[in-house]
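Report on one structure; see the data block that follows.
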Amino acid sequence: MNKNEPNYERYVIVGLVLTLLIVAGFSFYWFGESARLTHAAEDFAKERVHRGRAIYTEQCVSCHGADGEGGAGTALNDKSLLKNTMDAIIYSVIRSGVPSTQMPAWSIDFGGPLTDEDIKDVTAFIRAWEPTAPEIEPISFEPDSSRGALLFETTCAVCHGENGLGSDDGPAINDALRLASLDNDWYSSTIANGRPAKGMPTWGTVLAPNQIEDLIALVDDWREGIKVDAAFSVTDLIGSAIFSLEEEDPESAALHVTRALTVADGTGAEVLRNVAAQLLADDNTGALATLTALQEQWPLGDPVAGGEIYSTYCLPCHGAQGEGGIGPAMQPNVFIQETINADLVEFMLEGRAGTAMAGFDGRLSEEELANLVAFLRTWQP
Ligand code: HEC
Ligand code: HEC
Ligand code: HEC
């Protein structure tokens, strides 16, 4: 090394050591500080959850349930929902609501009652469920032989005969020997693929896989020797019979009435038997008049059973005596007075979009709704 050149090495080393000391000192300070910040953040998050709980209890419980288990609104305390949905999404759904469902927009920006801070609070409250949220099973499909029978009677019976007993256009499917020697996989493939060259259509391109499973459930019951009634909708069949008579096709009308009689009971069945007799006596005008009157009162329900359903499903919003609450008064109610039974059932299946009146499709059966309508009629003058 040349003696005349300045030696910087010393300074470099001193500089390096000083830098390290500063970095180390800063880290010590920084660790302390970050612990302090973490505590502050935890406290802040706890307060958020606490405030969120209060908002949830006041605004959301009526639809989403006290523990987020769901009701008129979806379940929120659900492991897969929480795992797959970021806070930002939950936040924005609450802010803007879900159009054409009952989920209102909550943000002041959209005319709701909550500030953005409130919505962050309630989002934090919902998020806090995640560690303990239960896994909610999606509703799974259960094959159903009476649905299968409905499909069979309306789609296959033209060729395979009523109850699958065969006709000129197709072999019997409900045939004990054949059923015993062939398994469900064979039936399922035969129905799906068909034998187009031999007059058996290819149903796999027409029917949904679930519908073929319903048909296989029917095949299963036939194999066991069980007689299956088709899940006919009497409401639809009354309409079809009226249509057939208006088209001057009394044979088809008689078929619709016969089908309706396999499922109708009580007073409804009595009236339908009268219609069948009128058709048999060629009194088509009389049959049309009886059917039209029946359609106006259909479905006929049991008011006592309907009262129990009301207490469970409707009382929270419409009041114990139908005096009203979240929803309008039911006793008396002009809309009910002016609407025929079948349309009221339809209304309750569908609900009224954009309001807290959710549809009951999937929650109440047609029979239960008929009972409910009969009950609501007892409250009208
Ligand atoms: C009047 C009934 C009603 C009220 C009150 C209500 N919700 Fe909803 N909420 C619903 C319905 C119905 C849905 C499902 C909408 C759909 O079909 O997508 C829903 C959906 C949601 C979703 C989306 C869930 C998902 O599966 O993606 C969140 C989050 C939510 N609500 C939070 C809230 C919060 C928070 C409140 C209270 C501030 C609240 N809701 C109040 C009816 C309601
Ligand atoms: C247009 C008339 C027609 C319709 C409609 C029809 N099939 Fe067929 N089907 C036939 C004919 C014809 C055969 C016999 C073909 C042959 O000769 O191999 C057959 C055969 C079958 C077989 C095999 C029977 C056996 O024992 O070999 C099954 C199972 C079957 N059909 C089920 C159905 C189902 C279920 C439906 C309704 C979704 C249906 N078919 C609708 C005409 C029809
Ligand atoms: C979550 C609250 C809620 C529940 C539960 C509920 N409703 Fe409603 N219902 C409402 C609201 C809100 C309306 C008014 C909708 C509107 O603004 O048009 C309504 C409207 C109605 C109407 C129309 C009344 C009119 O004057 O237009 C009928 C009928 C009705 N509900 C019957 C029922 C029956 C029966 C049940 C039980 C199966 C039921 N509701 C359950 C909230 C509810």
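Quick check: is even one residue across segment 344-362 among the acidic types (Asp, Glu) and modelled with pLDDT of 90 or more?
no
Please go through segment 41-66 and give me each residue that is modelled with pLDDT under 90 and over 21 Å from Gly325 (Cβ atoms), ordered by number.
Those that are modelled with pLDDT under 90 and over 21 Å from Gly325 (Cβ atoms): Ala41, Glu42, Asp43, Phe44, Ala45.
Need at least 2 residues that are crowded, with 18+ Cβ neighbours inside 10 Å and outside the structural domain of Thr290 (by TED's automatic domain parsing) per element, so show me which helices (runs of 4 or more DSSP H) inside segment 162-239 make the cut, counting only ones lying wholly within it. Spell out how you get there, then give the answer.
Working: elements: 176-181, 184-193, 209-223.
Helices (runs of 4 or more DSSP H) meeting the threshold: 184-193, 209-223.
Going by the structure shown, is Arg10 at pLDDT below 80 and either of a type outside the set (Gly, Ala, Ser) or not in a helix (DSSP H, G or I) (or both)?
Details: at pLDDT below 80: yes; either of a type outside the set (Gly, Ala, Ser) or not in a helix (DSSP H, G or I) (or both): yes.
Answer is yes for this residue.
Suppose we filter Gly286, Gly268 for residues that are part of a helix (DSSP H, G or I), modelled with pLDDT of 95 or more and of a type outside the set (A, V, I, L, M, F, W, C); which single one remains?
None of the others qualify; the one that does is Gly286.
Can you tell me which of Leu255, Leu272 is over 30 Å from the mean Cα position of the chain (by Cα) and buried (at least 20 other Cβ atoms within 10 Å of the Cβ)? Reasoning before the result, please.
On the way: Leu255 fails: buried (at least 20 other Cβ atoms within 10 Å of the Cβ).
The match here is Leu272.
Tally the residues that are more than 8 Å from ligand 1 (Cβ to nearest atom), in contact (Cβ under 8 Å) with a residue 24 or more places away in the chain and surrounded by fewer than 17 Cβ atoms within 10 Å (Cβ to Cβ), restricting the search to segment 100-119.
The total comes to 2.
The values are calculated or read from the model by the stated rules, or taken from the named source; none is laboratory data. Just so we're clear, the structure is a prediction, and the values are computed from it rather than from any experiment. When we count neighbours, we look across all protein chains shown, and the Cβ atoms used for this are built from the backbone with ideal geometry, even at glycine.
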